[in-house]
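The values are calculated or read from the model by the stated rules, or taken from the named source; none is laboratory data. Just so we're clear, the structure is a prediction, and the values are computed from it rather than from any experiment. Note that we place each Cβ from the backbone using ideal geometry, even for glycine, and neighbour counts take in every protein chain shown. Remember, those area values only see protein heavy atoms, side chains included, never the ligands or the DNA or RNA. Shrake-Rupley method; radii C 1.70, N 1.55, O 1.52, S 1.80 Å.
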Amino acid sequence: MADAHTVVTRIPPSPTGRLHIGTARTALFNYLFARHHGGKVIFRSEDTDRARSTAAFEQEIIDGLHWLGLSWDAFSRQSENVARYTNLLNNLLEEGKAYLSVEHAKDDPSREVEIIRLRNPGRSITFRDEVRGAITFDTTELGDFVIARSRTDALYHFAVVADDYESGVTHVIRGDDHISNTPRQILIQEAIGAPRPVYAHLPLILDEKRAKMSKRSGDAIAIMDYRAEGFLPEGLVNYLALLGWSPGTDQEDFSLDELVEAFTLTGVQKGGAVWNRDKLLSVNQRWMRKLTDAAFIERGGLAEKSLDVAKLNKVVPLLKEKAHTMGEARTLLEGELALLFSTPQLDIAKLTAKEPADRPGITAQLLSDTAAVLSSLPEEPSSEETKMLLMPRADAEEAKGKGGRGALLWPLRYALSGQERSTDPFTLIAILGTAESIRRIQTASARLIAQHHAE
Ligand code: GLU
């Protein structure tokens, strides 16, 4: 057991569903608070609902939290703690703080069951919430509420209080939706002689319509769906931390370690925290940009695509500029940027789409001149030096009359990419390398000349 001054928090998910963003955010705050204070975190699988709890959900929750970078110091399952609950229930019965009551079963009134009710002193209870301040409840209306279906079948609230007591939990940090459970749990604490922990109830996560975030809100709510989409755990953790907590400074980017350092309950807001996918995307993009190029390729699983490694390395800056998730990066490589890895199919009519009307047939010449000029570049030119070499030539075409710079830049870009829309030709040349760029441009020029002869 922890000594009197150690902070102990808990991560107590119910394994009755997937790991949701709300559960992950609450787990994160418990983790941050405990680590900030050099304390301990307990993971507790709240599987009292035997019918709906599954090992697969429990595993997904554990895997998801580990993926986010969270860890804990102890692990327990409520289903394995039954003997302890029975002991505590027996004590309460002996002390007269609870009593057995023979009643008709709820689901089948013809059957009689012996349930256990707490003798409720029925007074008003005030507890201090670190987020909301003092909260007062009148507990008379709760009556002598049921705490167990039998000596061996403790109900949820009893199990929670018994476990928090056993683990020496000092701080209960959980969602707002548990505020109304708190007076009941305090009454149970007082009956079993457990100290009252500090409470902090976190604001709910709301969707853009300010309704509780749910499947109907549109965006994914399962952490593993964000993982599959190619979000980085660094990005998601950073974003989740800012959902309902603010550092009180302008800092927006926080690693998990930096969050541990900065986190305090005073920074938690009262009002609902609105989920904003655009913000999540931009936070995630910033974390993707912080990766080295090699780490980007590896973390994005991009090397598995068996693409030309040299080109892949050169395309990373472009991916960092455009993609917000690794999924987007993969889509770019398969779509818009696939042209870099395989020879484009050219549509001759498109090559000459911007040919100046007053200089028919000029495109082939412009392309072969450009190919010749490019041979003065090193094999791996930067896009800047390529631009410095070619821009004056595009300007010269503009000076010659109709067509403007596009007279050169359009067929050049199309010859390199085979696409009507793509990244600028200088970036393309830098990624393709000088030799392959020249080859693509010469191919386009040769096709134009061949077509001209055929006419
Ligand atoms: N098992 C509860 C839940 O998943 C947590 C209860 C608590 O934090 O006290 O919502």
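List the residues whose amide H sits under 5 Å from the amide H of Val198, counting only those 5 or more places along or on another chain, with H placed 1.01 Å from N in the peptide plane.
Close amide H contacts, sequence-distant or interchain: His171, Val172.
Give me a comma-separated list of calculated 3J(HN,Hα) values for segment 367-377, in order, Karplus coefficients 6.51, -1.76, 1.60 applied at θ = phi - 60°, integers in Hz, x for any Gly or Pro.
5, 5, 4, 5, 4, 5, 5, 5, 5, 7, 7
Work out from phi, with θ = phi - 60° and the Karplus expression 6.51 cos²θ - 1.76 cosθ + 1.60, the ³J(HN,Hα) of each residue of segment 248-264, listed in order in whole Hz, and give x for Gly and Pro.
Working through the residues one at a time gives x, 10, 7, 4, 10, 9, 10, 6, 4, 5, 5, 5, 4, 4, 8, 5, 9 Hz.
Given charges of +1 on the Cβ of Lys and Arg and -1 on the Cβ of Asp and Glu, with all other atoms neutral, how large is the dipole of segment 360-417 about its Cα centre, in debye to the nearest 20? The partial results should precede the final answer.
Numbers: 6 positive and 8 negative charges, 69 e Å.
So the dipole magnitude of segment 360-417 works out to roughly 340 debye.
Would you please give the residues with an amide H less than 5 Å from that of Asp129, counting only those at least 5 places away or on a separate chain, with H modeled from the backbone geometry?
Ala134, Ile135
Over segment 260-316, how many pairs of lysines fall under 22 Å by alpha carbon, counting only those 8 or more apart in sequence or from different chains?
Lysine pairs, 8 or more places apart or on different chains, close enough: 5.
Roll a 1.4 angstrom probe over the protein heavy atoms and tell me the percent of accessible area of the chain that is carbon or sulfur.
Working: 10600 of 21310 Å².
For the chain, the apolar C and S fraction of the accessible surface comes to 50 percent.
Among Pro392, Thr140, Gly218, pick out the residue whose Cα is farthest towards the positive end of the charge dipole of the chain, where Lys and Arg carry +1 and Asp and Glu carry -1 on C-beta, about the Cα centre.
Pro392
Taking amide H positions as placed in the peptide plane 1.01 Å from N, state which residues far from Leu206 in sequence (5 or more) or on other chains have amide H under 5 Å from it.
Met213, Ala273, Val274, Trp275
Determine which aspartates and glutamates satisfy two conditions relative to Lys106: a Cα distance under 19 Å, and not lying fewer than 8 residues away in the same chain.
Asp49, Glu114, Asp144, Asp153
Over all distinct Cα pairs, what is the inverse of the mean 1/r for segment 358-455, reported as the Kirkwood hydrodynamic radius in Å?
Working: mean 1/r = 0.0744 Å⁻¹.
Mean inverse Cα-Cα distance, inverted, gives 13.4 Å.
Compute the relative contact order of the chain as a whole-number percentage, counting only Cα pairs closer than 8 Å that sit 6 or more residues apart in sequence.
About 12 percent, as a whole number.
For segment 28-129, I need the span (max minus min coordinate) of the C-alpha atoms along each principal axis, in Å, sorted largest to smallest.
Extents along the principal axes, in whole Å: 50, 35, 23.
Lys/Arg Cβ at +1, Asp/Glu Cβ at -1, dipole of segment 31-70 taken about the Cα centre: which of His66, Gly39, Ala55 is farthest positive-ward?
Gly39
Go from 0 up to the bin containing the longest alpha carbon distance in the chain, width 10 Å each, and give me the % of pairs per bin.
Over the chain, the share of Cα pairs per 10 Å bin runs 4, 16, 20, 16, 12, 10, 8, 6, 4, 2, 0 percent.
So what are segment 93-133's ellipsoid semi-axes, whole angstrom, largest first, if each one is the square root of 5 times an eigenvalue of the alpha-carbon gyration tensor? Working shown, then result.
Numbers: eigenvalues 207, 51, 12 Å².
Equivalent ellipsoid semi-axes, largest first: 32, 16, 8 Å.
Give, rounded to the nearest 20 debye, the magnitude of the charge dipole that segment 266-411 has about its Cα centre when Lys and Arg contribute +1 at Cβ and Asp and Glu contribute -1 at Cβ. Can you show the working numbers first?
On the way: 21 positive and 20 negative charges, 154 e Å.
Result for segment 266-411 is approximately 740 debye, rounded to the nearest 20.
Return the sequence-ordered ³J(HN,Hα) values of segment 296-301 in whole Hz as given by the Karplus equation 6.51 cos²θ - 1.76 cosθ + 1.60 applied to θ = phi - 60°, using x for Gly and Pro.
Once rounded to whole Hz, the list reads 4, 5, 6, 5, x, x.
Once the dipole of the chain is set up with Lys and Arg at +1 and Asp and Glu at -1 on Cβ about the Cα centre, which of Ala357, Gly403, Trp245 lies farthest towards its positive end?
Result: Ala357.
Need one word for segment 1-73: rounded, prolate or oblate. Basis is the Cα gyration tensor (sqrt eigenvalues a ≥ b ≥ c); a/c below 1.5 gives rounded, then a/b vs b/c decides. Kindly include the intermediate steps, with their values, before the conclusion.
Values: a/c = 2.64, a/b = 1.69, b/c = 1.57.
It is prolate, given that a/c is not under 1.5 and a/b is the larger ratio.
Would you mind working out the magnitude of the charge dipole of the chain relative to its Cα centre, with +1 at each Lys and Arg C-beta and -1 at each Asp and Glu C-beta, to the nearest 20 Debye?
For the chain, the charge dipole is close to 620 debye.
Using mean Cβ contacts within 10 Å as the protection proxy, how do 285-297, 413-425, 156-168, 374-386 order, highest first?
Working: 285-297: 16.8, 413-425: 20.0, 156-168: 21.5, 374-386: 14.2.
Top to bottom by mean Cβ count within 10 Å: 156-168, 413-425, 285-297, 374-386.
How big is the antiparallel share of DSSP beta bridges in the chain, given as a percent to the nearest 5?
Counting DSSP beta bridges with both partners in the chain, the antiparallel share is about 55 percent.
In whole Å, what is the distance between the alpha-carbon centres of segment 48-124 and segment 307-368?
One Cα centre to the other: 62 Å.
Which value, in Å², gives the accessible area per residue of the chain when a 1.4 Å probe is used on the protein heavy atoms?
Details: 21310 Å² over 455 residues.
Value for the chain: 47 Å² per residue.
So what's the net charge close to Glu58: Lys and Arg +1, Asp and Glu -1, counting the other residues with Cβ under 13 Å from its Cβ?
In short, -1.
Limiting things to C-alpha atoms, what are the Rg and the maximum Cα-Cα separation (Dmax) for segment 144-298, in angstroms?
Looking at segment 144-298, its Cα Rg and Dmax stand at 19.5, 63 Å.
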